[in-house]
Amino acid sequence: MTWTASAPSNIALIKYMGKAPGNQNIPLNASLSYTLPNLTTAVELIANPGADSDTWEPLSEKDGFIAPQLSIQAQTRFLKHLERIKLLFNCDETFVVRSANNFPHGTGLASSASSFAALTKAAVLACSACTNTPTPDISYQANLSRLGSGSSCRSFFEPWALWENEKVNAIKLPFERLIHQVILIDTHEKEVSSSEAHRRVSQLPDYPDRKVRAEARLHDLIQALKNDNWTEAYQITVDEFEDMHALFNQCTPSFSYITDKSREILETLHEYWQAAQDGPLITMDAGPNIHLLYRPTQQEMADNLKHELISRGAHVI
Ligand code: DP6
């Protein structure tokens, strides 16, 4: 028997950064994300009766899906999440897990949100079938997925997801269809994983101030989007990612993902906004790449800016 599922990635405009003590991936502050249907992970779970343990292998490449080269550490983390779901269902089947992403290989683009969401969906289907149990609802699945990787719980909702403590849901906001671009700055595996970034940030003595700032921005961003105030949304999202990256500099040991190249391109983007009094929303995750979100009416701008950035040597997808 084979069970398959796929799930999209998401990009946070108000970031999940810092976790409550314990291993439940409970965020220290609420976050808001936009779901990215074009960046998807597909997972296949094949029953493998009699095998000693679950194993992972790349899903064969088809329909634009490219198998990732998961490190042993990443495979272990993935299979541990499957084990967690099997235990919950009392499922004693063993599986071969196959996965692939439809985003270009070696781009350094994070896939943990889409891969844990897709694995959770496939595992829940498989375990429900194997144990003759009803398939749990999406909220339950999202919370289960959160235990594997926090940000994956937002990938169960679209186009906007709001996550606070153990509650994650779709939130109705204008701008339901946005154009997404990523400026790839560095395609190498990052030295400090986002889980490690959470750990270090959670230890900062003035973290409570960060929570206040992030949640005030969350409130203001929701208002700005509801009021169709794109310029204010741009200012808030820039303040938010700059705030998160400033926290990384304050950690012990400190670390940074923003490179000279990222800074140079950010400068170009802000100049563009100055001149046009319009532009894309700009954000960065725990990495050097820059994400841009445009309104559908900005398609021409998106094409022109992409062209300009490429002519300056940037790699834009
Ligand atoms: C910077 O969800 O990758 O992208 O829960 O440890 O798996 P774990 O962390 P992860 O953290 C993502 C952090 C972020 C911001 C965000 O997506 O909100």
Review point. When LEU36 is evaluated against the numbered criteria (1) more than 14 Å from the ligand (Cβ to nearest atom); (2) of a type outside the set (Lys, Arg); (3) buried (at least 21 other Cβ atoms within 10 Å of the Cβ), which criterion, by number, is the only one it fails?
Key: (1)
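With SER139, SER145 as the choices, which residue is within 30 Å of GLU93 (Cα to Cα), polar (S, T, N, Q) and within 13 Å of the ligand (Cβ to nearest atom)?
Criteria check complete, one pass: SER145.
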Review point. Scanning for something in contact with a Leu (Cβ under 7 Å, 6 or more places away or on another chain) and of a type in the set (A, V, I, L, M, F, W, C), does segment 296-310 turn up at least one residue?
Key: no
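No value in this document is a laboratory result; all are computed from the given coordinates. This one's a predicted model, so the numbers in the text were calculated from it and none came from an experiment. Every residue, glycine among them, receives a Cβ derived from its backbone with ideal geometry; neighbour counts consider all protein chains shown.
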